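Participant: If you scroll down you'll find the structure; I have some questions about it.
Rule-based calculations on the coordinates, nothing more; no lab input. The structure presented is a predicted model; accordingly, all values stated were derived computationally and were not measured. Please note: Cβ atoms are built from the backbone with ideal geometry, for glycine as well, and neighbour counts cover all protein chains shown.
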Amino acid sequence: INKMVPQVVFVLGAPGSGKGTQCSMISKEYDYVHLSAGDLLREERQRPGSEYGEMIEEKIRNGEIVPVEVTCSLLHKAMQKSGKERFLIDGFPRNQDNMDGWERVMSDKTKLLFVLFFECSREICTERCLRRGAAGSGRSDDNVESLKKRFNTYLNDTMPIINYYDKLGLVRRINAEEEPDQVFDKVKVAFDEIKL
Ligand code: UP5
Ligand code: MG
């Protein structure tokens, strides 16, 4: 009866700003399950028999955002499967459709603690992703063409979402241009605060 409502932290920031890197560091030190929307979509794309495989691949390569029904259901399933109560939702919500879809299905099932926002210049982010591509990431969007599109989508569609949460006082803004350990030192402050 007194079941705890699952708590979520949305983790946003430009492509290559270090969302995944920091989430994996957070989940090692704090009791949070890391769920990357992008990773879940890439997994679904590979799943034999998935009816969404081609659509997902096309969206990812073009830096466009997959319809929320698909992403939200993958997130919801992963949350249930984990059996845990605290989640880092990495790379979601990225646009109004994502936010509305989450509101419809998940807002009464979860509590949003805050939004972690990694700030990093386009130049640095692009260089990181290109380096990762050159090192053999296998990601079909780690190339100059896709990165231009990913950035346009980020600026046009995701920044308004971050601004919306910022007006609600929910955004924890972190400079993500330093070394991963230095970025993590600042991330820890945000998580230690809510533990109190
Ligand atoms: N790196 C990380 N931190 C560093 C640091 N401090 N200093 C130096 N290097 C650092 O890092 C990127 C690279 O930089 C790595 O090589 C890392 O070692 C290095 P990473 O931690 O992976 O950054 P991240 O922000 O996670 O970058 P990612 O490329 O994953 O960001 P995207 O937001 O573009 O990717 P995502 O997987 O979230 O989405 C991909 C696509 O999926 C989207 O474009 C979209 O098409 C689709 N999608 C949806 O449609 N809906 C969703 O809800 C989510 C995704
Ligand atoms: Mg990532």
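Participant: Please work out how much length the chain gains when fully extended from LEU168 to SER82, using 0.36 nm per residue of separation minus the C-alpha to C-alpha distance, in nm with one decimal.
Facilitator: 28.0 nm
Participant: Could you grab the relative contact order for region 7-191? Cα pairs under 8 Å, six or more apart, rounded to a whole percent.
Facilitator: Over region 7-191, the number comes to 35 percent.
Participant: By counting other Cβ atoms within 10 Å of each Cβ, how are LEU88, LEU155 ranked from fewest to most?
Facilitator: Arranged by neighbour count, lowest to highest, LEU88, LEU155 become LEU155, LEU88.
Participant: Quote to one decimal, in nm, the extra length available between ILE194 and ARG132 on full extension: 0.36 nm per residue of separation minus the C-alpha distance between them. Working shown, then result.
Facilitator: Working: separation 62, 0.36 × 62 = 22.32 nm, distance 3.33 nm.
19.0 nm is the gain from fully extending ILE194 to ARG132.
Participant: Another question, if that's okay. Per residue and in Å³, how big is the convex hull formed by the alpha-carbon atoms of region 1-126?
Facilitator: Dividing the Cα hull volume of region 1-126 by its residue count gives 121 Å³.
Participant: Restricting things to Cα coordinates, could you compute the convex hull volume per residue of region 112-158 in Å³?
Facilitator: Cα-based convex hull of region 112-158, divided per residue, equals 102 Å³.
Participant: Let me ask another. Which listed residue (GLN22, VAL144, GLY63) has the Cα farthest towards the positive end of the charge dipole for the chain, taking +1 on Lys and Arg C-beta and -1 on Asp and Glu C-beta about the Cα centre?
Facilitator: Going by the Cα projections, it comes out as GLN22.
Participant: Also: Determine the alpha carbon to alpha carbon distance for each of LYS28/LYS59; LYS19/LYS188; LYS109/LYS186 and list only those over 25 Å.
Facilitator: LYS28/LYS59; LYS109/LYS186
Participant: Can you tell me which of 95-108, 46-59 comes out highest on packing, and rank the rest after it, using the mean Cβ neighbours within 10 Å?
Facilitator: 95-108, 46-59
Participant: Counting only helical runs of four or more DSSP H residues, what would the 222 nm mean residue ellipticity of the chain come to if each run contributes -39,500 (n - 2.57) and the total is spread over all its residues?
Facilitator: For the chain, the value works out to -16500 deg cm²/dmol.
Participant: Let a ≥ b ≥ c be the square roots of the eigenvalues of the Cα gyration tensor of region 94-196; is it rounded (a/c under 1.5), or, if not, prolate (a/b larger than b/c) or oblate?
Facilitator: Because a/c hits 1.5 or more and a/b fails to exceed b/c, region 94-196 counts as oblate.
Participant: Tell me the relative contact order for region 125-196 as a rounded percent, counting alpha carbon contacts under 8 Å between residues six or more apart.
Facilitator: Taking the mean separation of contacting Cα pairs over the length of region 125-196, I get 15 percent.
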